1. Scan the helices (runs of 4 or more DSSP H) fully inside region B:1-112 and keep the ones with 2 or more residues being closer than 15 Å to A:Ala14 by Cβ.
2. Identify all residues within region B:150-168 that are farther than 30 Å from A:Leu91 by Cα and facing chain A (nearest Cβ under 9 Å); write none if there are none.
3. Identify all residues within region B:113-131 that are facing another protein chain (nearest Cβ under 10 Å) and not aromatic (Phe, Trp, Tyr); write none if there are none.
4. If we scan region B:45-59, do we find a residue that is closer than 30 Å to A:Ser25 by Cβ, outside the structural domain of B:Thr236 (by TED's automatic domain parsing), under 15 Å from the mean Cα position of the chain (by Cα) and hydrophobic (A, V, I, L, M, F, W, C)?
5. From B:Ala46, B:Ala126, B:Ala67, grab the single residue that is free of Cβ contacts under 8 Å to residues at least 12 places away in the same chain and closer than 30 Å to A:Val74 by Cα.
6. Quick one: what pairs do we get from region B:89-100, first residue more than 8 Å from chain A (Cβ to nearest Cβ) and farther than 16 Å from A:Leu5 by Cβ, second in a helix (DSSP H, G or I) and of a type in the set (S, T, N, Q), C-beta under 7 Å, 6+ apart or different chains?
7. With the condition kept exactly as written, say whether any residue in region B:259-273 is within 14 Å of chain A (Cβ to nearest Cβ) and crowded, with 24+ Cβ neighbours inside 10 Å.
Amino acid sequence: MVVILTAIALVAVALGIARAISPRSYNPQKGEAYECGIPTRGRSWMQFKVGYYLFAILFLMFDVETVFLFSWAVVVQELGVYGLVSILFFLLILILGLAYAWRKGALEWK
Amino acid sequence: MHALLTSLMPLRLAVFIECVIVGVCLLLMYAVIAVVMIFMERKVCAAFQCRLGPVRVGFWGLLQVPADVLKMLTKEIITIRRSDRFLYNLAPYIVILASVLAFACLPVNKGLEVLDFNVGVFFLMAASSIGVVGILLAGWSSNNKYSLIGAMRSGAQMISYELSIGLSILTIIVLTDTMQFSEIVARQADGWFLFKGHVPALVAFVIYLIAGNAEVNRGPFDLPEAESELTAGYHTEYSGMHFGLFYVAEFVNLFIVAGVAATIFLGGWMPLHIAGWEGFNTVMDYIPGFVWFFGKAFFVVGLLMWIKWTFPRLRIDQILTLEWKYLVPIGLANLLLMVIVVVFKLHF
């Protein structure tokens, strides 16, 4: 809580000081997006390459898996061989998932 | 200090004042680390390119970065006309919040850390992954095509490499069976995990360094802000202090990556001990813990800067291939190897 407030205070104070002492001038050109000097054409909020989305989905799958692994990693020393064998099945399913995605070509950047 | 404050004033006020003191200390350390990191980056970069780097302002250029901060404060903050105002202003808050939260977890010395949960490592990873949201918001809300491309690349890269970071940290957690930072450091009193876990720990360390470098968008993985193609990437439309906050967060994130590497692989504030060398160990014990911590952290930072200024930039498909086809399978295999080592007690 303290840390969150500290972070917010840092940004607020820095921006506050900057806003207080920085000069201000108006020029219609300033409001334009900087795209190397040529006038902007169209909006930027448009259709975008789907490849990024694919990787995001893949990441979601693996990230949820790591969350499960964390809780297992803490107790694996007590579980011993039993823990090793049981996680083997879990990892096997996961690796199969990765292999499937690989085979399907989801890891290619087209 | 708690006892002194509570004897002078009611409990609530004492707690409040303690919170304020902790917050101010945290801020000061955050700012100092950022300044030191930026200065170090400029000097290291200059050394690698056979230049002098900043030398004019102050002795040996030492006042260059404070001067830059002042300059940054006096610059106008411009918001472009067609941007999404709310998200545009929210983005720096999220980026800084993520990095301050992660920063607060680092154990600097014995008992000297702001947050020390029993799920510390996990919390740190969760907190630092909020940063991706901030970067995506910054790129999206700017309504600039360069920003959008930069943010998308950055998002894809950061979430991908987070997996490898997670797997390499998991490898060490299997060895320690705890996620609390203070405990992790305490377990390394008789040998750092890099040496204790021998082969799998070493592999995990290398994977961590690569993934950590990619996670902070640096070095050969800096294509989210590839200057020659994207101007400045996701913060193209941010000016003055707005930009400064992104910049600071980036450098402190680099320090956090290095600090975590120092803590979980290189023993945090634990001095270097070699079994059998009593005199050597006693001398090492005299060096205070925070010197060890910062020494190790800045050693890793130096390593990452060396990598950054040595390798050429990768392409986006190469980056994703490296992660998904090499680092993730190797990481998983390495995790299994570590479990086998731990279960059959093959570690030192």
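1. Output list reads B:11-48, B:64-73, B:85-104.
2. Answer for region B:150-168, where residues must be farther than 30 Å from A:Leu91 by Cα and facing chain A (nearest Cβ under 9 Å): there is none.
3. So in region B:113-131, the residues facing another protein chain (nearest Cβ under 10 Å) come out as B:114-115, B:118-119, B:121-122, B:125-127, B:129.
Correct list: B:Val114, B:Leu115, B:Asn118, B:Val119, B:Val121, B:Met125, B:Ala126, B:Ala127, B:Ser129.
4. Initial filter on region B:45-59 (closer than 30 Å to A:Ser25 by Cβ): B:54, B:56-57.
Remaining after also requiring outside the structural domain of B:Thr236 (by TED's automatic domain parsing): B:54, B:56-57.
Now narrow it down to the ones that are under 15 Å from the mean Cα position of the chain (by Cα): none.
No, the conditions are met nowhere in region B:45-59.
5. When all the criteria are applied, what remains is B:Ala126.
6. Close Cβ pairs (under 7 Å, with a partner that is in a helix (DSSP H, G or I) and of a type in the set (S, T, N, Q)) amount to B:Ala91/B:Ser141.
7. Initial filter on region B:259-273 (within 14 Å of chain A (Cβ to nearest Cβ)): B:264.
Now narrow it down to the ones that are crowded, with 24+ Cβ neighbours inside 10 Å: B:264.
Checking region B:259-273: at least one residue is within 14 Å of chain A (Cβ to nearest Cβ) and crowded, with 24+ Cβ neighbours inside 10 Å.
Residue-wise test of (1) closer than 30 Å to B:Arg153 by Cα; (2) more than 10 Å from chain A (Cβ to nearest Cβ); (3) aliphatic (A, V, I, L, M).
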| site | (1), (2), (3) |
| --- | --- |
| B:Phe294 | no, yes, no |
| B:Trp306 | yes, yes, no |
| B:Pro312 | yes, yes, no |
| B:Trp324 | yes, no, no |
| B:Val328 | yes, no, yes |
| B:Leu332 | yes, no, yes |
| B:Val341 | no, yes, yes |
| B:Phe344 | no, no, no |
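The values are calculated or read from the model by the stated rules, or taken from the named source; none is laboratory data. This is a predicted model, so every value here is computed, not measured. Quick reminder, even Gly has a Cβ in these numbers, built from the backbone with ideal geometry, and neighbours come from all protein chains shown.
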